[in-house]
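Participant: Quick one: the structure is below, questions incoming.
The values are calculated or read from the model by the stated rules, or taken from the named source; none is laboratory data. Nothing here was measured: the structure is a model prediction, and the numbers come from that model. Cβ sites come from the backbone with ideal geometry, for glycine too, and all protein chains shown count toward neighbours.
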Amino acid sequence: MTDFSITKDAEGIATITWDCPGKSMNVMSGEALLQLDACIDDALADASVKGVVITSGKKDFAGGMDLNVLADMRAQAGDNPAQGLFDGIMQMHALLRKIELAGMDFKTKKGGKPIAAALPGTAAGIGLELPLATHRIFVADNPKAKLGLPEILVGIFPGAGGTTRLVRKLGAMAASGFLLEGKMVDPKKAKSAGIIDEVVADPVAAARAWVLTATDADLVKPWDAKGYKMPGGAPYHPAGFMTFVGASAMVNGKTKGAFPAPKALLSAVYEGALVPFDTALKIEARWFTHVLMNPSSAAMIRSLFLNKEALEKGAVRPQGIADQSVKKLGVLGAGMMGAGIALVSAMAGIEVVLIDATQEAAEKGRAYSEAYLDKGIKRGRVTADKKAAVLGQITATTDYAALAGCDLIIEAVFEDMGVKAEVTKKALAVIPADCIYASNTSTLPITDLAKASDKPDQFIGIHFFSPVERMLLVEIIKGKETGARAVAKALDYVRQIRKTPIVVNDARFFYCNRCIIPYMNEAMRIVTEGTPAAMVDHAAQQLGFPVGPIQLTDETSIDLGAKIARATKAAMGNAYPASPADDLIFWMEEQGRLGRKSKAGFFDYDETGKRLGYWQGVTDKFPAAQQLPALQDVKDRLMFAQVLEAVRALEEGVLEDIREGDVGAILAWGFAPWSGGPFAYLDMLGAEYAAERCDQLQAAYGDRFACPPLLREMAENGESFYQRFNPNAAQAA
Ligand code: NAD
């Protein structure tokens with residue numbers, strides 16, 4: 001069995017079918033490219049073939065490139081990986097260009113064979129770049145299909161001609177959403193955007209009919225025809241000039257220079273627009289090689305694609321435990337978190353019993369789903385039927401008896417040991433003996449909470465982030481006695497609601513909050529030293545964080561920070577390290593500046609909650625330092641506060657798998673995605689330099705930057721985290 005096969009019929013049509021054996025979705029491999037090449041050569045050389053239809057043997061066309069191909073190209077090139085990548089990419093261009101020119105005489109543009117793409121469903125990445133090289137694209141009228149070029153989301157860009165072809169087809173402005181944001185659209189939208197040609201009931205039949213009637217002129221791409229002008233104007237055209245200036249500013253404004261791929265993409269587009277098509281492809285290949293050679297792209301692919309997918313597919317699920325999919329879920333507490341948990345679960349088709357202390361509170365929790373669905377209807381994303389079905393899954397009640405028959409409980413009542421113990425007991429009285437019980441606590445040890453249960457092996461932490469429906473990560477926490485079935489249940493549930501899980505051991509603040517808190521505290525500390533809050537936020541943004549920590553504190557609220565500090569102090573007693581960060585947070589709280597919710601915080605706000613600028617009061621209280629600190633120091637303090645905590649979490653066994661540490665950091669708190677996560681970041685710095693930098697920061701700013709013994713040892717042995725802890729994933733990138 002091969003990925004691509006060719007059949008020829010009596011009408012003279014060769015059908016090339018893409019059907020990866022043993023996979024539910026086609027992905028392009030190096031071997032498959034060679035097979036496609038051979039099929040095309042066969043069809044073009046065979047005089048009995050009049051035209052070609054390229055289609056899929058699956059319900060979709062293709063999900064994209066197997067990203068291991070890129071790693072292989074690099075590895076095979078030995079000591080000149082850039083050359084290996086460039087040559088491999090140029091080979092891909094040669095194949096797609098062969099399809100595009102289809103044997104025609106380039107001068108007369110005659111004698112080519114029509115080649116059409118017939119797509120039954122989703123076509124992403126190379127799955128769309130291949131059709132873009134054909135002469136006409138027919139797509140099934142399948143609203144579930146998604147078409148687009150999502151490469152930018154994993155730190156690369158469409159490098160198999162997709163960038164050059166889409167820009168020449170749509171113009172730079174119209175192509176920008178697809179290229180720079182990785183926008184995926186359904187077939188009708190793809191047609192109106194001009195990416196594909198026709199949406200039909202039977203794309204293969206339509207493609208065949210077209211192939212039989214296509215003329216020489218139908219095969220000539222606009223950019224191969226005389227007098228071609230780029231839609232919207234090339235850079236030397238007044239309108240094009242405006243587009244490119246704007247795009248450059250927009251990309252730099254959005255990425256703050258932290259992400260290499262968008263910048264390289266823009267260069268490829270700009271430079272490519274100034275030259276003939278084949279030279280543009282070469283330029284695209286050079287910039288693509290440039291991006292692939294940047295360690296950021298390998299790290300992003302590894303974390304955001306390979307490792308994320310591995311975790312979603314159960315990489316850390318205990319072996320040998322039968323499917324634990326949830327059928328009936330009990331949610332205790334219908335507040336902000338409980339309401340969100342009910343919503344995402346009901347959306348996944350799970351029956352939900354939503355309990356609160358009063359009927360009114362329970363109903364309010366259910367109304368959250370209703371409001372969410374109504375918004376979806378307004379935006380055309382949800383149908384009335386779907387709304388009815390989802391709401392029909394949620395029973396809002398105060399009656400614990402309704403929990404009978406639940407196979408999973410998630411408790412999300414007040415963050416109070418006593419209240420949590422009380423509801424645990426009430427639920428245990430009615431739920432089946434084998435029901436798994438989870439708490440959504442953010443700070444209380446799971447092992448302690450499990451004491452309220454007579455089955456601590458069935459007790460676990462399932463920690464969501466707010467807002468539940470938007471945040472992609474769920475942190476699963478194993479208490480000391482949590483059993484394997486509880487872990488499997490939590491993982492199967494997270495899979496049902498289509499989020500990404502990480503599994504960690506029980507310790508204060510688990511993994512994510514454990515790293516976020518020192519980061520926020522470091523930011524506060526820097527401000528108390530007389531550094532402008534703006535500088536701190538900008539430093540974080542230049543590191544690739546979507547918002548700076550000062551602004552984030554305003555968003556999550558200052559009293560929450562104060563509450564966490566007080567609770568931690570109470571729990572740690574004398575071991576609690578005094579910090580100037582607390583002075584600032586408590587002072588802000590005293591001033592009643594609680595953040596955006598009180599329309600006053602580190603920022604001033606207007607009545608509608610719009611930020612007006614940083615509040616002068618902070619500078620009055622903590623006067624500006626005589627000399628600003630070096631920006632690199634501010635950046636490194638913010639970064640090291642997080643990554644050293646991640647290393648300590650690994651040292652202490654809170655984290656068992658660095659992949660979880662990396663994926664979790666990016667999804668939970670937006671940790672510099674370009675870096676691939678804290679461990680990938682440290683690998684990029686190199687353990688030796690990282691340890692040296694720890695020493696410098698420790699000398700200048702204090703012992704919280706002391707180099708963790710593990711990192712020191714790795715520095716001495718010349719090791720990296722991925723080599724030492726995950727050699728397979730290290731290779732994949
Ligand atoms: P919330 O105050 O919005 O909701 C708590 C709900 O529990 C309220 O509706 C309350 O009426 C209900 N409740 C209290 N006592 C009850 C009882 N005895 N029986 C039934 N219902 C009762 O709080 P929240 O922000 O949704 O947080 C809930 C839990 O989730 C806490 O443990 C919190 O630490 C955790 N958490 C919160 C966040 C967050 O960002 N807010 C994130 C992760 C985890």
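Participant: Across region 329-358, what is the number of residues that are among the β-branched types (Val, Ile, Thr) and within 11 Å of the ligand (Cβ to nearest atom)?
Facilitator: So the first thing to find is which residues in region 329-358 are among the β-branched types (Val, Ile, Thr), and the list is 331, 341, 344, 350, 352-353, 355, 358.
From the residues that got through so far, the ones that are within 11 Å of the ligand (Cβ to nearest atom) too are 331, 341, 355, 358.
Qualifying residue count, region 329-358: 4.
One line per residue, one yes/no per condition, for (1) crowded, with 23+ Cβ neighbours inside 10 Å; (2) within 27 Å of Ala630 (Cα to Cα); (3) at pLDDT below 95; (4) under 27 Å from the mean Cα position of the chain (by Cα):
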residue: Arg525; (1), (2), (3), (4): yes, yes, no, no
residue: Ala533; (1), (2), (3), (4): yes, yes, no, no
residue: His538; (1), (2), (3), (4): no, yes, no, yes
residue: Pro546; (1), (2), (3), (4): no, yes, yes, yes
residue: Ala565; (1), (2), (3), (4): no, no, yes, no
residue: Lys569; (1), (2), (3), (4): no, no, yes, no
residue: Gly573; (1), (2), (3), (4): no, no, yes, no
residue: Pro580; (1), (2), (3), (4): no, yes, yes, no
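Participant: So Lys113 clears everything in (1) in a helix (DSSP H, G or I); (2) crowded, with 16+ Cβ neighbours inside 10 Å except one condition, right? Which one?
Facilitator: Failing condition for Lys113: (1).
Participant: So, one more: Find the helices (runs of 4 or more DSSP H) located wholly in region 454-558 whose residues include 1 or more that are within 14 Å of the ligand (Cβ to nearest atom) and either over 21 Å from Lys328 (Cα atoms) or free of Cβ contacts under 8 Å to residues at least 40 places away in the same chain (or both), and list them. Spell out how you get there, then give the answer.
Facilitator: Details: elements: 484-496, 512-528, 533-542, 549-556.
The qualifying helices (runs of 4 or more DSSP H) are 512-528, 549-556.
Participant: Continuing with the same structure: For residues that are assigned to a helix (DSSP H, G or I), buried (at least 22 other Cβ atoms within 10 Å of the Cβ) and not small (Gly, Ala, Ser), tally how many sit in region 670-693. Show your work before the answer.
Facilitator: Restricting attention to region 670-693, the residues satisfying the condition of being assigned to a helix (DSSP H, G or I) are 673-675, 678-685, 687-693.
Add one more test, that the residue is buried (at least 22 other Cβ atoms within 10 Å of the Cβ), and what stays is 673-675, 678-683, 687, 690.
Retained after the next criterion (residues that are not small (Gly, Ala, Ser)): 673-674, 678-679, 681-683.
Selection size over region 670-693: 7.
This table checks each residue for (1) within 12 Å of the ligand (Cβ to nearest atom); (2) within 13 Å of Leu343 (Cβ to Cβ); (3) without any contact (Cβ under 8 Å) to a residue 24 or more places away in the chain.
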position: Tyr372; (1), (2), (3): no, yes, no
position: Thr395; (1), (2), (3): no, no, no
position: Val413; (1), (2), (3): yes, no, no
position: Thr424; (1), (2), (3): yes, no, no
position: Ala452; (1), (2), (3): no, no, no
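Participant: Can you tell me which of (1) within 23 Å of Gly702 (Cα to Cα); (2) of a type in the set (Lys, Arg); (3) in contact (Cβ under 8 Å) with a residue 40 or more places away in the chain is the one Arg566 doesn't meet?
Facilitator: Result: Arg566 fails condition (3) only.
Participant: Any residue in region 300-313 that is within 16 Å of the ligand (Cβ to nearest atom), part of a helix (DSSP H, G or I) and of a type outside the set (S, T, N, Q)? Can you show your working first?
Facilitator: Our first condition is that a residue be within 16 Å of the ligand (Cβ to nearest atom); within region 300-313, this holds for none.
No, because not a single residue in region 300-313 is within 16 Å of the ligand (Cβ to nearest atom), part of a helix (DSSP H, G or I) and of a type outside the set (S, T, N, Q).
Participant: Right, something else. Before we move on, is Ala234 under 31 Å from the mean Cα position of the chain (by Cα), over 16 Å from Phe157 (Cα atoms) and assigned by TED's automatic domain parsing to the domain that holds Glu100? Quick ask: steps written out before the conclusion?
Facilitator: Numbers: under 31 Å from the mean Cα position of the chain (by Cα): no; over 16 Å from Phe157 (Cα atoms): yes; assigned by TED's automatic domain parsing to the domain that holds Glu100: yes.
Spelling it out, it is not the case that Ala234 is under 31 Å from the mean Cα position of the chain (by Cα), over 16 Å from Phe157 (Cα atoms) and assigned by TED's automatic domain parsing to the domain that holds Glu100.
Participant: Output yes when any residue across region 257-274 is assigned by TED's automatic domain parsing to the domain that holds Gln91 and touching a Lys or Arg at 6+ places or on another chain (Cβ under 7 Å), and no when none is.
Facilitator: no
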